Amino acid sequence: MLLCGQAALAAEKLLEIGMLEKAPEIDGVIGVDEWAKAASRSDLLQASPIEFAAPSEETAWYFAYDETTLYVAAVAHYEDPSSIIANVLRQGASLGDDDSLNILVDGSNNKRNGYVFALNANGVRADAIFTNGVDQSDEWDGIWRGAATRTESGWAMEMAIPFNTVSFDPATDTWGLNFWRNIQRTDETIAWQSVGGDVNPTGSGEMSGLRNLDQGFGLDIVPALSGVRVKGYNGLDSDNELNPSLDLRYRFSPSISGLLTINTDFAATEVDNRQLGLDRFGVFFPEKRTFFLADFDIFQFGGIVDGGPSGLVGTVAGTNAMPFFSRRIGLGDDNQPVDIIAGGKLSGRTGALGFGALLIRQDSYDDIDATDLAVARVTYDILEESLLGAIATFGDPGSNDDNSVAGIDFRYRNTRIGNGRILAGNAWWQQSSSDAVSGDENAVSVAFALSADEGLSAGFQYQQVDEDYAPALGFVDRSGVRLYSLEAEHETKFRNSDLFQEFEVSARASRWEYLDSGMVQSETLQVIPLQFETLSGEFVRVWFRRHTEGLLTGDQPLDRLGVALDPGIYAFNRPGFFLRTARYRPLGFSLRANFGDFYNGERLELRPEVRWTPNRHLNTSLTFGFNRFELPGEKQITRQVTWNTEIAFNIDWSLITNVQYDNLSDDLGINARLRYNVAAGNDIWFVVNHNMRRDDFDDRFDNDQTTAVAKIRYTFRF
């Protein structure tokens with residue numbers, strides 16, 4: 001329960017920051033003289049597992065700045081320093097399973113946006129950007145420095161965050177600020193400020209005194225050069241390419257920037273995790289390409305999150321009816337790269353107004369002409385934490401037809417209703433226009449939830465997508481349908497248990513039905529009678545699901561298995577469970593299992609994963625996806641194997657190897673990425689992709705294609 005004292009405490013989260021005459025050396029050693037004039041804070045409380053409870057460990061934070069840079073330092077004390085979890089040594093890796101020190105800065109102080117910067121005890125940097133006030137994406141990369149060192153009582157860190165790395169409002173000297181510490185062995189988050197057990201811009205404190213800030217000339221010049229060697233086997237062509245590319249970024253003001261890309265090259269982009277496509281509806285792959293991730297938060301629409309949950313209880317539509325999905329650009333239907341000749345992006349904020357514009361010239365491929373593609377987005381902050389917005393897209397990267405989408409959205413959030421509860425919602429409307437179709441092309445959605453870190457949470461969603469709604473630059477996997485969804489959950493926190501941290505039960509009902517007939521397309525009734533997490537981080541969930549699927553003539557969800565189903569209504573039960581050991585353990589295990597009926601037969605689905613991290617230099621995992629289908633007249637087994645190995649030779653050099661195989665495509669893919677991170681924004685990569693295909697005749701793998709890439713990227717900042 002949020003006590004009255006807690007509301008007063010939140011109002012007191014203010015920090016007056018001072019300017020330094022001499023910048024500290026960023027080496028992870030906090031010199032007394034270097035930080036003598038810094039503002040300091042140690043008034044942190046638990047955000048989780050028990051919000052506002054006393055933290056188990058002490059943390060001291062220090063803040064200062066000069067004209068060009070924000071400086072942050074912290075000392076993390078441990079009663080037992082040997083309990084520090086620091087398994088990650090590779091730059092660019094997630095720190096979610098390590099102990100870490102994190103800072104959030106919101107240069108607009110609008111309680112909706114923010115940048116996150118984090119370090120672990122090895123000095124590995126991680127960063128993220130908030131996309132809609134509560135959800136963050138760690139695909140964003142900023143240019144900043146950080147270092148960490150071990151101490152007798154724990155560890156310490158220092159950060160230097162240039163002001164030309166973040167956007168801010170030059171009209172105010174006050175930024176949104178939050179900072180927190182993650183301790184894995186106790187599964188604890190210790191924060192300066194939190195709301196509903198979470199740390200995000202909506203519940204941040206404030207940092208004032210930031211005056212006379214200088215972003216320099218505001219120009220980043222990022223040239224890159226990649227050499228590509230493609231070798232084909234069995235009659236396939238071989239080729240050599242040398243691809244220069246250039247990105248230019250200019251800050252017109254501290255809060256408005258433009259980005260220009262020429263001959264864009266994505267040769268060193270991380271490969272996607274393979275998906276078999278055994279589900280009935282579309283497969284979604286998140287964006288990983290650097291150009292599209294720059295300032296992409298402004299283009300987020302209606303609370304629809306790329307590839308992740310929306311954050312609202314009761315919402316199940318996922319990414320359906322997303323008006324702008326950048327992976328439609330520069331990739332063909334088979335996910336093969338399509339050249340981008342040039343592109344430009346303008347984005348920023350001025351007062352309550354946020355805006356973004358994207359223009360791309362995509363090269364011709366197959367029988368599709370060179371195409372101009374455009375996206376425009378505008379938002380306006382209203383109330384304390386909410387916003388209104390509009391979006392428009394133009395062009396079709398996958399055909400020669402004209403296509404456009406227009407939409408408006410409203411995102412509501414209220415963390416001030418008391419008792420630790422949060423009222424939030426999303427509402428939007430869209431209309432597409434396409435040469436390829438004519439008819440009803442609207443889509444509309446409404447979702448609201450009342451949630452709490454402890455106790456009862458509930459929410460609902462309604463969505464309707466017309467049959468001819470077709471966003472050529474977006475993502476839609478269900479059309480001609482309407483959705484009703486309702487969910488309630490109750491969470492209990494254990495304050496005096498020696499074993500359990502929290503326990504949760506929930507129930508959800510969702511129904512997709514066809515607009516023209518009212519017939520069910522998909523209906524799910526789910527009950528989770530058991531979900532708990534232990535104090536040490538082990539997790540268990542058990543569920544029961546009742547599925548109803550309505551198939552029309554031509555619907556064949558199992559066509560990849562060569563199984564044909566008759567039209568009609570299929571109802572079946574599928575219970576399951578998921579268990580996972582604490583992620584910080586050197587040897588970890590997880591298992592997801594679904595079993596029971598499946599359409600007119602049965603399906604057993606198992607997905608075990610084993611992870612081994614013997615030290616900070618090596619992290620490897622093996623995942624096995626197994627499905628056994630027993631259908632009338634047909635038995636099928638699918639297998640998917642994924643092996644990931646990360647070797648960090650030191651904090652700058654790393655090698656990632658990803659091996660994937662499945663018996664549906666009979667394709668074995670090997671991806672190896674050697675990276676030398678010279679500094680933030682400066683990298684050298686050596687990448688090898690090798691594909692092999694299994695020959696059914698002699699049951700062996702034959703070489704298919706090998707692609708080798710050498711790429712260098714350097715950032716010149718003025």
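Residue-wise test of (1) among the hydroxyl-bearing types (Ser, Thr, Tyr); (2) at pLDDT below 90; (3) farther than 29 Å from Leu248 by Cβ.
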site	(1), (2), (3)
Gln336	no, yes, no
Gly343	no, no, no
Leu373	no, no, no
Val378	no, no, no
Asp381	no, no, yes
Ser404	yes, no, no
Arg416	no, yes, yes
Asn426	no, no, yes
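Every condition in (1) modelled with pLDDT of 95 or more; (2) over 24 Å from the mean Cα position of the chain (by Cα); (3) surrounded by 15 or more Cβ atoms within 10 Å (Cβ to Cβ) holds for Phe649 except the one numbered (3).
One residue stands out among those in segment 232-265 that are part of a strand (DSSP E or B) and among the aliphatic types (A, V, I, L, M): the one that is surrounded by the fewest Cβ atoms within 10 Å (Cβ to Cβ), which is Leu242.
When you scan segment 495-506, do you find a residue that is closer than 29 Å to Ser438 by Cα, of a type in the set (Ser, Thr, Tyr) and buried (at least 18 other Cβ atoms within 10 Å of the Cβ), even just one? No; the residues of segment 495-506 include none that is closer than 29 Å to Ser438 by Cα, of a type in the set (Ser, Thr, Tyr) and buried (at least 18 other Cβ atoms within 10 Å of the Cβ).
Residue count for segment 609-635 satisfying the condition of being in contact (Cβ under 8 Å) with a residue 12 or more places away in the chain, over 30 Å from Asn650 (Cα atoms) and not aromatic (Phe, Trp, Tyr): 7. Taking segment 577-608 as the range and being over 30 Å from Glu523 (Cβ atoms), surrounded by 15 or more Cβ atoms within 10 Å (Cβ to Cβ) and without any contact (Cβ under 8 Å) to a residue 60 or more places away in the chain as the test, the residues that pass are Thr581, Arg585, Gly588.
Please enumerate the residues belonging to segment 33-52 that are outside any strand (DSSP E or B) and in contact (Cβ under 8 Å) with a residue 12 or more places away in the chain.
Glu34, Trp35, Lys37, Ala38, Ser42, Asp43, Leu44, Pro49, Ile50, Glu51, Phe52
So that you can scan it fast, the table gives a plain yes or no per residue for (1) within 30 Å of Tyr462 (Cα to Cα); (2) surrounded by 18 or more Cβ atoms within 10 Å (Cβ to Cβ):
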| residue | (1), (2) |
| --- | --- |
| Asp297 | yes, yes |
| Val305 | yes, yes |
| Thr319 | yes, yes |
| Leu359 | no, no |
| Gln362 | no, yes |
| Thr371 | no, yes |
| Ala374 | yes, no |
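Considering Arg289, Arg349, the condition of being over 22 Å from the mean Cα position of the chain (by Cα), of a type outside the set (Val, Ile, Thr), closer than 30 Å to Asp381 by Cβ and buried (at least 17 other Cβ atoms within 10 Å of the Cβ) is satisfied by Arg349 alone.
To keep it simple, each residue is scored yes or no on (1) closer than 19 Å to Gly176 by Cβ; (2) surrounded by 20 or more Cβ atoms within 10 Å (Cβ to Cβ); (3) basic (Lys, Arg).
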site	(1), (2), (3)
Gln91	no, yes, no
Gly96	no, no, no
Asn102	yes, yes, no
Asn120	no, yes, no
Ala126	no, yes, no
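Scanning segment 361-387 for residues that are within 23 Å of the chain's Cα centre (by Cα), within 14 Å of Gly133 (Cα to Cα) and not in a loop (DSSP other than H, G, I, E, B) turns up Thr379, Ser386, Leu387. Listed conditions (1) of a type outside the set (A, V, I, L, M, F, W, C); (2) buried (at least 16 other Cβ atoms within 10 Å of the Cβ); (3) under 26 Å from Gly96 (Cβ atoms); (4) touching a Phe, Trp or Tyr at 6+ places or on another chain (Cβ under 8 Å) are all met by Thr492, apart from (2). Would you check if there is a residue in segment 411-425 being buried (at least 18 other Cβ atoms within 10 Å of the Cβ), in a loop (DSSP other than H, G, I, E, B) and of a type in the set (S, T, N, Q)? Yes, some residue in segment 411-425 is buried (at least 18 other Cβ atoms within 10 Å of the Cβ), in a loop (DSSP other than H, G, I, E, B) and of a type in the set (S, T, N, Q).
Of all residues in segment 558-576, those satisfying the criterion of being at pLDDT 90 or above and surrounded by 15 or more Cβ atoms within 10 Å (Cβ to Cβ) are Leu565, Tyr570, Phe572, Arg574, Gly576.
For segment 341-356, state whether one or more residues are assigned to a strand (DSSP E or B) and within 24 Å of Tyr469 (Cα to Cα). Yes: segment 341-356 contains one or more residues that are assigned to a strand (DSSP E or B) and within 24 Å of Tyr469 (Cα to Cα). A search for C-beta distances below 7 Å between a residue of segment 527-538 that is under 12 Å from Ala507 (Cα atoms) and of a type in the set (Phe, Trp, Tyr) and any residue that is in a strand (DSSP E or B) and at pLDDT below 95, counting only pairs 6+ apart in sequence or on different chains, returns nothing.
Would you say Asp214 is surrounded by fewer than 15 Cβ atoms within 10 Å (Cβ to Cβ), out of contact with any Gly (no Cβ under 8 Å at 6 or more places or on another chain) and without any contact (Cβ under 8 Å) to a residue 24 or more places away in the chain? Judged against the criteria, Asp214 is not a match. Out of the residues in segment 459-478 that are touching an Asp or Glu at 6+ places or on another chain (Cβ under 8 Å) and surrounded by fewer than 18 Cβ atoms within 10 Å (Cβ to Cβ), which is nearest to Thr524 (Cα to Cα)? Only one residue fits best here, namely Glu467.
The values are calculated or read from the model by the stated rules, or taken from the named source; none is laboratory data. Here the structure is a predicted model, which is why all the values come from computation and not from measurement. All Cβ positions, even for glycine, are placed from backbone atoms using ideal geometry, and neighbour counts span all protein chains on display.
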